[in-house]
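The values are calculated or read from the model by the stated rules, or taken from the named source; none is laboratory data. All values derive from a computational prediction rather than experimental measurement. Neighbour counts run over all protein chains shown; Cβ positions are idealised from the backbone, glycine included.
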């Protein structure tokens, strides 16, 4: 196991600076997920940790040791890619032991390692089969097993589930969480899928344009987003945001925290609107509600309303967020919030 630290790391491709003066500490043994939109720098960050694309300046430390000049194969890390990178002409067993053979590991030790690890990832019955006869999930397990036999201190995973269908992705997420518990190794996982990030991570590192927007456990990222970008990136549907009309401040609330009703209710923020669209998703229904000033997405556990119906929407005071003109969330202890709360009540109640 090992911690990872990036100190004042900058990465440039020619004159294009992708990451600038970034600092990050990844805790030993944690499942850390780097998430963000395409092009935000998360894969570049992972490749710097692996040594595949060394940083332009700054230091990368693994277990306290500067590995800047240490080649990828000697850093104690193993990477799992989205395209599996397994050899089609080799059996599952041969794929898993390929690296061991290269490293001159004795045959008895190879057999013991391959059988032990294939048991852990559920591949024991498939050891003599070719990859072409396996499902996408089984092939991904082969890639994981091949990484595991190296006994790395750090697992680096770059979008490993993106080629799988939705049902298999859910299954593999659970398997990876269980695998992490078994191994207790440091996992660093890259994805653009916020559902993967929320469901798997001990710590989420949310990035945008080469900068860390917030680093926190999933529940903190969701309940206390650091800024507007975080608030609107995490959550399905994302947080609703509206203009307050004072000091460039915006207010926000999660779709599940609004209450829809046929009659006005006693809420701090209460407005009349019309349902524009209705999406019935089984256990929940998502309504798009248009008011005089805004259009909001509302998530309800009951399917009570229909398109074009007039409704009243209310949000309790303790479910409201405020963001300053710079986009950063105002702390609930900020003395200005009382005034903004009052302005929002006046805006909605008239």
Exercise. Among the residues of the range 117-140, is any under 21 Å from residue 180 (Cβ atoms), modelled with pLDDT of 90 or more and over 29 Å from the mean Cα position of the chain (by Cα)?
Worked result: yes
Seminar exercise, completed: Scanning the range 191-219 residue by residue, those in contact with a strand residue (DSSP E or B) (Cβ under 8 Å, 6 or more places away or on another chain) and assigned to a helix (DSSP H, G or I) turn out to be 194, 196, 197, 198, 200, 218
Exercise. If only one of 191, 186 is closer than 27 Å to residue 122 by Cα, over 14 Å from the mean Cα position of the chain (by Cα) and crowded, with 22+ Cβ neighbours inside 10 Å, which one is it?
Worked result: 186
Problem set entry | Those residues of the range 178-191 which are within 26 Å of residue 39 (Cα to Cα) and touching a helix residue (DSSP H, G or I) at 6+ places or on another chain (Cβ under 8 Å), in sequence order | 187, 188, 189, 190, 191
Exercise. Considering only residues of the range 2-22 that are touching a residue at least 40 places away in the same chain (Cβ under 8 Å) and more than 13 Å from residue 57 (Cβ to Cβ), which is surrounded by the most Cβ atoms within 10 Å (Cβ to Cβ)?
Worked result: 4
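The rows are residues; the columns are (1) surrounded by 14 or more Cβ atoms within 10 Å (Cβ to Cβ); (2) over 24 Å from the mean Cα position of the chain (by Cα); (3) over 25 Å from residue 212 (Cα atoms); (4) not assigned by TED's automatic domain parsing to the domain that holds residue 344.
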{"position": "231", "(1), (2), (3), (4)": "yes, no, no, yes"}
{"position": "234", "(1), (2), (3), (4)": "yes, no, no, yes"}
{"position": "244", "(1), (2), (3), (4)": "yes, yes, yes, no"}
{"position": "249", "(1), (2), (3), (4)": "yes, yes, no, no"}
{"position": "259", "(1), (2), (3), (4)": "yes, yes, yes, no"}
{"position": "270", "(1), (2), (3), (4)": "yes, yes, yes, no"}
{"position": "278", "(1), (2), (3), (4)": "yes, yes, yes, no"}
{"position": "282", "(1), (2), (3), (4)": "no, yes, yes, no"}
{"position": "285", "(1), (2), (3), (4)": "yes, yes, yes, no"}
Exercise. With 292, 326, 303, 318 as the choices, which residue is under 33 Å from the mean Cα position of the chain (by Cα), more than 23 Å from residue 225 (Cβ to Cβ) and surrounded by fewer than 17 Cβ atoms within 10 Å (Cβ to Cβ)?
Worked result: 303
Exercise. Got at least one residue in the range 159-176 being touching a residue at least 12 places away in the same chain (Cβ under 8 Å) and part of a strand (DSSP E or B)?
Worked result: no
Problem set entry | Conditions (1) in contact with a helix residue (DSSP H, G or I) (Cβ under 6 Å, 6 or more places away or on another chain); (2) more than 22 Å from residue 37 (Cβ to Cβ); number of the one not met by residue 261 | (1)
